[in-house]
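A.B. asks: Attaching a single structure in structure tokens format; questions to follow.
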Amino acid sequence: AGIKNHLERMRGYCGVLGRGLGLSAQEAELVAVGSILHDIGKVVIPEATLIKPGEYSPSEWETVKSHTTVGAEMLSGSTSVVLEMGAIIALTHHERWDGSGYPRNLRGDSIPLSGRICALADVFDALTTPRAYKREVALPEALELIEEASGQLFDPEIVKVFKTVYEDIINIRQYNL
């Protein structure tokens, strides 16, 4: 149930953020559904690596980072708008507003909006849910960390919207734990 709940939370978070950013209901739903595919490239990463506690070796880190490009390659070239959105999100959900992300070190508006939305949603979910390799962070602390990362990791406009729809985000989280 863990991964299914994560994907349902991602779908909910991305939909709420998309609507809050002024996307049409259809556009927000496309981002939301596409977000379910954000980590599909992880199918090629050994599970032992994914759940490993502590630091990755340089080669393990390169393998983990490859899930973005692998996922995009798996989903690209389809006539399905959902799969094409999934490809964009898979490729760009680890890019960072300041250019420090991967795989292409995109910065600012050069990161597709769907990737920027999913990036914030994914980090919030990672912070606020326990994982095999880490404890969860309390909700107020997670909100504070996201606010501190505005303009660095995250698009400041998306952080602003996140704060305005925070109650909806918490409701989605509670429903899909």
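A.B. asks: What FRET efficiency comes out for ARG135 versus SER76 if R0 is 45 angstrom and r is the Cβ-Cβ distance? Round to the nearest 0.05.
C.D. replies: The pair ARG135/SER76 has a calculated efficiency of 0.80.
A.B. asks: About its Cα centre, what dipole magnitude does segment 1-110 give when the only charges are +1 on Lys and Arg Cβ and -1 on Asp and Glu Cβ, stated in debye to the nearest 20?
C.D. replies: 180 debye
A.B. asks: Treating only the Cβ atoms of Lys and Arg (+1) and Asp and Glu (-1) as charged, compute the dipole magnitude of segment 55-152 about its Cα centre; round to the nearest 20 debye. Walk me through the intermediate numbers first.
C.D. replies: Working: 8 positive and 15 negative charges, 39 e Å.
For segment 55-152, the charge dipole is close to 180 debye.
A.B. asks: Taking 1 over the mean of 1/r across every pair of different Cα atoms in segment 21-91, what Kirkwood radius in Å do you get?
C.D. replies: 13.1 Å
A.B. asks: A further question on this structure: Between ILE45, ILE146, ILE88, which gets the highest mean-square fluctuation from a Gaussian network model of the chain, Cα cutoff 10 Å?
C.D. replies: Sorting by GNM fluctuation, first place goes to ILE45.
A.B. asks: Got the relative contact order for the chain handy, in percent, Cα pairs under 8 Å and 6 or more residues apart?
C.D. replies: That works out to 24 percent.
A.B. asks: Right, here's the next one. Suppose R0 equals 45 Å; then what is the FRET efficiency for ALA48 and GLN174 from their Cβ-Cβ distance, rounded to the nearest 0.05? Intermediate results must be reported in sequence, preceding the final value.
C.D. replies: Numbers: r = 32 Å, r/R0 = 0.70.
The pair ALA48/GLN174 has a calculated efficiency of 0.90.
A.B. asks: Which of [x] 56, 31, 21; [y] 47, 38, 31; [z] 40, 40, 33 is the computed Cα extents along the principal axes in Å for the structure on display?
C.D. replies: Here the calculated entry is [z].
Any read-out appearing in this document is the output of simple, stated calculations on the displayed coordinates, not a laboratory observation. Note that the structure is a prediction, hence the values are computed from the model and not measured. Cβ: placed from backbone, ideal geometry, glycine included. Neighbour counts: every protein chain shown.
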